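Colleague: I'd like to ask some things about the structure below.
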Amino acid sequence: MTQKVLVVEDEMKIARWVREYFEKAGFDVLLAHDGPTGLALARGERPDIMILDIMLPHSPSGEPMDGLDVCRIIRRESDLPIIMLTARAEEVDRLIGLELGADDYVVKPFSPRELVARAKAVLRRVRPTTTREEILRAGHLVVDVTRRTCAYGDEAVELTPTEFELLATLMRHRGRPLTRAQLMDFALGETYIGYERTIDVHIRNLRRKIEPDASNPTYVETVFGVGYRFADEE
Ligand code: CA
């Protein structure tokens, strides 16, 4: 279940840079460069979260609509999580307060990595994973993300929280190679500080628990020079 982020930002360089980071973090990204387009995409594409710049140009048809207008309109219609991009820290109270109802803000210039971390935090806050039913299956392997259980056939498999997150992350991106940095980011969270090789140790332990033959893994594959991939369906 890939999450979709809508980025409304008129500065192409920033927009592309933000898109790149969200894509690296596994999101689908929609871009809009003016308010009306952003609003149309928010309504039509049902994104999971919106990144919204305050200062936006008039639309191609000349309609003036800045990020504050877009935020106000969206808030009347839905509870789509919104992170505002602002150049001025003093606007912040107004943005997050009742007046506009944005969920968070990032002050420019910002690091895209921080923005992605904020987006993930907002998504966790508004949609706790415990309320969503998510079961991942592959061969004999069943991972119940909601109940945080793992089974191989009829046998329960005891995983550490980190192994569990790694496995769920790999299975959600089935067939797609993920780098160690991505795995650290997805599975261990943005606050985790450590070496990428730590991932190898967790993967080794995980394989011992879920692979019929850990020395010849068929579920969690090594992608040389990249990282790891959950095997695609046969
Ligand atoms: Ca702008």
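Colleague: Between their Cα atoms, which of K24/K108; K4/K108; K24/K209 are more than 26 Å away from each other?
Modeller: The answer is K24/K209.
Colleague: List the relative contact order of the chain as a percent without decimals, with contacts defined as Cα pairs under 8 Å and 6+ residues apart.
Modeller: 13 percent
Colleague: Here's a follow-up. Calculate how steeply helix 161-172 sits against the longest principal axis of the alpha-carbon atoms of the chain, using the helix alpha-carbon long axis, and give the answer as 0 to 90 degrees to the nearest 10.
Modeller: Result, in degrees: 70.
Colleague: For the chain, give the share of DSSP beta bridges that are antiparallel, in percent and rounded to the nearest 5; count only bridges with both residues there. Provide the component values of the computation, followed by the final result.
Modeller: Numbers: 17 of 34 bridges.
Just about 50 percent of them are antiparallel.
Colleague: Any chance you could give the angle, 0 to 90 degrees and rounded to 10, that helix 12-24 forms with the longest Cα principal axis of the chain?
Modeller: 20 degrees
Colleague: Could I ask something else about it? To the nearest 20 debye, what is the magnitude of the charge dipole of the chain about its Cα centre, counting +1 on the Cβ of each Lys and Arg and -1 on the Cβ of each Asp and Glu?
Modeller: Magnitude of the dipole: close to 340 debye.
Colleague: Continuing with this model, one more query. Return the equivalent ellipsoid semi-axes of the chain as a descending list in whole Å, where each equals the square root of 5 times an eigenvalue of the C-alpha gyration tensor. Each step should come with its number before you reach the end.
Modeller: On the way: eigenvalues 294, 60, 49 Å².
Listed largest to smallest, the semi-axes of the chain are 38, 17, 16 Å.
Colleague: While we're here: Over the C-alpha atoms of region 137-234, what are the Rg and the largest Cα-to-Cα span, Dmax, in Å?
Modeller: Radius of gyration, then largest Cα-Cα span, for region 137-234: 12.5, 36 Å.
Colleague: Can you compute 3J(HN,Hα) from phi for each residue in region 77-88, using the Karplus curve 6.51 cos²θ - 1.76 cosθ + 1.60 with θ = phi - 60°, rounded to whole Hz and x for Gly and Pro?
Modeller: Values per residue, Gly and Pro as x: 9, 7, 10, 3, x, 10, 10, 8, 9, 10, 8, 10 Hz.
Colleague: Also: I'd like the carbon and sulfur percentage of the solvent accessible area for the chain, probe radius 1.4 Å, heavy atoms only, ligands and nucleic acids excluded.
Modeller: 51 percent
Colleague: In whole Å, how far is the Cα centre of region 20-34 from that of region 196-234?
Modeller: Comparing the Cα centres of region 20-34 and region 196-234, I get a distance of 28 Å.
Colleague: Compute the angle between helix 197-210 and the longest alpha-carbon principal axis of the chain, please, reported from 0 to 90 degrees and rounded to the nearest 10.
Modeller: Roughly 50 degrees, rounded to the nearest 10.
Colleague: Now for a different question. I14 accessible area, nearest 10 Å², 1.4 Å probe?
Modeller: Result for I14: roughly 30 Å² accessible.
Colleague: Right, something else. If you look at just the Cα atoms of region 108-169, how large are its Rg and its Dmax in Å?
Modeller: Final numbers for Rg and Dmax: 15.2, 52 Å.
Colleague: Still on this structure: For the chain, what is the accessible area per residue in Å² when the probe is 1.4 Å? Before the final figure, lay out each step's value.
Modeller: Working: 12460 Å² over 234 residues.
Heavy-atom accessible area per residue stands at 53 Å².
The values are calculated or read from the model by the stated rules, or taken from the named source; none is laboratory data. Since we're looking at a predicted model, the values are computed, not measured. Heads up, the Cβs are rebuilt from the backbone with ideal geometry, glycines too, and the neighbour counts pull from every protein chain shown. Side chains are part of the model used for accessible areas, which takes the heavy atoms of the whole protein and leaves out ligands, DNA and RNA. Shrake-Rupley method; radii C 1.70, N 1.55, O 1.52, S 1.80 Å.
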